[in-house]
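Enquirer: Shown below is the structure under consideration.
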Amino acid sequence: MNYQLPSLLSRSARKVSTLIAGVVVAGVASTSSHALTIGFEVEDLTDVIVGEDLRLYRFHLSGHNFAPNQGFSIYFDDDLFGNLGGTAPNGDWLISIAQPDPGLAPFGDGLYDAFNETASPFASLADPFEVTFNWLGGSALAPSALFFELYTTDGGFEVIDSGTTTVQGPTDPGTGVPDAGGSLLLSLMGMGAVAGARKYFR
């Protein structure tokens, strides 16, 4: 198996440039001709542990056919997310999770990684990808758009697309996530890009 998680250093460097670009063109979901789009919904779950704020991202992928040895990673800010959890939506996918770790800042972001090792000709996107998490942002903030990368391991690891997720479908009112296309979404994405860039340059 020639699968490996993305390099912490390289992915963080790419993340900075994408976050800065997001300030200028917030709402652009993808930065290459592969045109992968990842839509998301957020659901507020029943808290299992007192004092924690358990929530769920539900991701819907479109615009790209995942051949064998291709995958994607979604990144979670270590200041805002904790205790990531998730399983494969179906048997075509190998799932790996790296937990957010503020002690590794500025390279401590967590990730949810899904990899098509063998499904041919393409892995199924019929089912959504779900990630549970503890929300650390409090009531003043709401889970919003996240940075992602599309990659291949054919001939060595290579990122072939990157962008930010976009809000899609019904969202739980308690999350504060706006409807698709709303001006508040663009504002949140722009603010998040500025905050992320500041974090990675300090």
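Enquirer: Of all residues in segment 38-84, count the ones that are under 21 Å from Glu117 (Cβ atoms) and over 13 Å from the mean Cα position of the chain (by Cα).
Expert: 7
Enquirer: Within segment 148-161, is even one residue charged (D, E, K, R), surrounded by fewer than 21 Cβ atoms within 10 Å (Cβ to Cβ), in contact (Cβ under 8 Å) with a residue 12 or more places away in the chain and in a loop (DSSP other than H, G, I, E, B)?
Expert: Yes, there is a match, as at least one residue in segment 148-161 is charged (D, E, K, R), surrounded by fewer than 21 Cβ atoms within 10 Å (Cβ to Cβ), in contact (Cβ under 8 Å) with a residue 12 or more places away in the chain and in a loop (DSSP other than H, G, I, E, B).
Enquirer: May I ask you to verify whether Ser30 is touching a strand residue (DSSP E or B) at 6+ places or on another chain (Cβ under 6 Å) and modelled with pLDDT under 95?
Expert: Yes: the conditions hold for Ser30.
Enquirer: Restricting to segment 131-153, name every residue that is under 15 Å from the mean Cα position of the chain (by Cα) and more than 19 Å from Glu52 (Cα to Cα).
Expert: Ala145, Leu146, Phe147, Phe148, Glu149, Leu150, Tyr151
Enquirer: Something else: Please give the number of the condition Pro100 fails out of (1) crowded, with 21+ Cβ neighbours inside 10 Å; (2) in contact (Cβ under 8 Å) with a residue 40 or more places away in the chain; (3) out of contact with any Ser or Thr (no Cβ under 8 Å at 6 or more places or on another chain).
Expert: (2)
Enquirer: Further question: With the checklist (1) hydrophobic (A, V, I, L, M, F, W, C); (2) surrounded by fewer than 17 Cβ atoms within 10 Å (Cβ to Cβ); (3) modelled with pLDDT of 95 or more in hand, flag the one item Phe129 doesn't pass.
Expert: With respect to (1) hydrophobic (A, V, I, L, M, F, W, C); (2) surrounded by fewer than 17 Cβ atoms within 10 Å (Cβ to Cβ); (3) modelled with pLDDT of 95 or more, Phe129 is out only on (2).
The values are calculated or read from the model by the stated rules, or taken from the named source; none is laboratory data. Computed from a predicted structure; not experimentally measured. Glycine gets a Cβ as well: all are built from the backbone with ideal geometry, and neighbour counts include every protein chain shown.
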